[in-house]
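These notes are about the structure you will find just below.
The values are calculated or read from the model by the stated rules, or taken from the named source; none is laboratory data. Because the structure is a prediction, the values reported are computed rather than measured. Cβ sites come from the backbone with ideal geometry, for glycine too, and all protein chains shown count toward neighbours. Accessible surface is based on the protein model in full, side chains and every heavy atom, while ligands, DNA and RNA are left aside. Shrake-Rupley method; radii C 1.70, N 1.55, O 1.52, S 1.80 Å.
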Amino acid sequence: MMSQIDNLYRKSHKPEKLIIGLMSGTSMDGLDIALCSFKGSGSETTFELLHFKTANYNDSFREQVKAIFSKREVDLEMVCLMNEQIAITHAELINQAIAAWGYKNEDIDFIASHGQTIYHAPKSLHKQEGLPNGTLQIGDGDHIAVNTGIITLSDFRQKHIAAGGEGAPLAVYGDYLIFSKKGEDRIMLNIGGIANFTYLPEDLEAAKVFSTDIGPGNTLMDHYVQKHFGLYYDKDAAIATSGSKNEQLLTELLKDDFFAAEFPKTTGPELFSLDYLAQAQQKSNTYRLSKEDVMATLCHFSAQGIALAIKRIMPRLSSAVVYLSGGGMHNPLLLEVLKKELPQLTFKTTQDLAVNPDAKEAVLFALLANETICGSSVYFGERTGVPSVGMGKISLPR
């Protein structure tokens, strides 16, 4: 054990560290793998994204994960087994990526693994008196460390909850360190399964920075198209653009208390599910809509939810640039509606900041690992939801 601790100490003091960041989101399309080079920490952090790929999951693996995903009642044995299987699968994909990029495993200093969220339960969702915020990501870090031979940091969200947060979103930490710019108000908008943004003030004052979930991004659209069209997602919004939005259904979808709740807040597919859609259709008497019209309405729902959230911070902005990332940025109808709703804002992507927008979330987890390894944390003030802590449990290979 002492030799492993010595190895951890030695790597933590290297002037340049190679860290692989991993992200597997609620869309479950595959594992995002980002190899990054980091120098420094905190406000002195500099980094380079060396390589990136999304390693696709096979259908069998995806179905196994979906069987225990975002459900209150699941097979506990499968949760136990998939905790190991997800990690073993991720380790295999990491090993393949390292070899394909021309590296050896011993060249890599650390892995930062987000794991796979299977249930997110902040108090605002579970509403059970006397019980805390909760979240569960599986894909055991020890299995990744042993199967790759690389020190692995994982389970980042638990420290966030322990320190008073809701376990999400965590993007605020990395967004502030690597994307803030003096003189430009920035909104870092990530449209994944769930949409979230980080507000970065032009004066760089950390106490003003916050990150929040703002509602569904792709999750409802993806689940609906998978169920009714046999497709994994609506490529280029082809189905949604062939339909028309229904105002009655859209109004009902936007009625949930979540949209009026104060920032920061979190949510997930546990709330914004196909059951949520079915209830909204029943209440609005729109259950006879064509499937294309439902898809169009769901796309507008995601865009409207995002726009409503951003409009809430508009009074504090003279101007701002929205930097997009995540799978939803590839949806042309969603972006069209967003730009129409927010005409005073400039829209770019994180590619304009030299970061592949599809890699951004994986890069941010690599940065979180770098901060923890270097023993630093940014002080965000004494605010609920943004604890100033290092995150991630450390797993040693041997």
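Between Ile20, Ile86, Ile313, the GNM of the chain built on Cα springs shorter than 10 angstrom shows Ile313 fluctuating the most. Of the whole protein surface, Cys374 contributes about 50 Å² of accessible area at a 1.4 Å probe radius. Global dimensions of the chain from alpha-carbon coordinates: Rg and Dmax equal 20.5, 66 Å.
Binning the C-alpha pair distances of the stretch 333-394 at 10 Å intervals from 0 yields a P(r) profile of 18, 28, 32, 19, 3 %, listed from the shortest bin outward. Figure note: Arg316, Arg398 ranked by solvent-accessible area, largest first, 1.4 Å probe, ligands and nucleic acids not counted: Arg398, Arg316. Each residue of the stretch 147-249 gets 213 Å³ once the volume of the Cα convex hull is shared out per residue.
Any chance you could check the Cα centroid distance between the stretch 303-365 and the stretch 113-134 for me, in angstrom? If we compute the Cα centre of each part, the gap is 26 Å. For the stretch 177-289, a crude dipole built from +1 on the beta carbon of Lys and Arg and -1 on the beta carbon of Asp and Glu, taken about the Cα centre, is about 280 debye to the nearest 20. Between Lys393 and Asp236, the contour length at 0.36 nm per residue exceeds the Cα-Cα span by 52.6 nm. In a reduced charge model with +1 at each Lys and Arg Cβ and -1 at each Asp and Glu Cβ, the chain shows a dipole moment near 480 debye about its Cα centre. The residue list His114, Asn7, Leu170 was ranked by how far each Cα lies along the charge dipole of the chain toward its positive end, using unit charges on Cβ atoms, and Leu170 comes out on top. Here the 3J(HN,Hα) profile of the stretch 7-15, calculated from phi with Karplus coefficients 6.51, -1.76 and 1.60 at θ = phi - 60°, is 5, 4, 4, 5, 5, 5, 9, 5, x Hz, Gly and Pro shown as x. For the chain, adding -39500 (n - 2.57) for each run of n ≥ 4 DSSP H residues and dividing by the number of residues yields -11500 deg cm²/dmol at 222 nm. Beyond 29 Å, what share of the Cα-Cα pairs of the stretch 16-171 remains, rounded to the nearest whole percent? Beyond 29 Å sits 21 percent of the P(r) for the stretch 16-171.
Over the stretch 207-329, how many percent of alpha carbon pairs lie in each 5 Å bin up to the one with the longest distance? For the stretch 207-329, the pair-distance distribution reads 2, 10, 20, 23, 19, 13, 7, 4, 1, 0. Note: relative contact order over the chain, using C-alpha pairs below 8 Å and six or more positions apart, is 21 percent.
Treating each Cα of the stretch 1-84 as an identical point scatterer and summing with the Debye formula, the log10 of I(q)/I(0) at q = 0.14, 0.21, 0.25 Å⁻¹ comes to -0.75, -0.96, -1.14. Under a GNM of the chain (C-alpha, springs under 10 Å), which listed residue has the highest mean-square fluctuation: Gly230, Gly326, Gly25? With Cα springs under 10 Å in the chain, the top fluctuation among Gly230, Gly326, Gly25 is at Gly230. Where does the stretch 53-96 land on Rg/Rh, using Cα atoms and the Kirkwood Rh? Expressed as Rg/Rh, it is 1.01. For the stretch 3-44, averaging the sequence separation of C-alpha pairs within contact (under 8 Å, six or more residues apart) and dividing by the residue count gives a relative contact order of 36 percent. Entry note, the stretch 307-394: relative contact order of 23 percent, from Cα contacts under 8 Å with a spacing of 6+ residues.
Across all directions, the average flat footprint of the convex hull enclosing the Cα atoms of the stretch 26-74 is 5.3 nm².
Counted residue by residue at 0.36 nm each, then reduced by the alpha carbon distance between them, the extension gain from Asn56 to Val79 reaches 6.2 nm.
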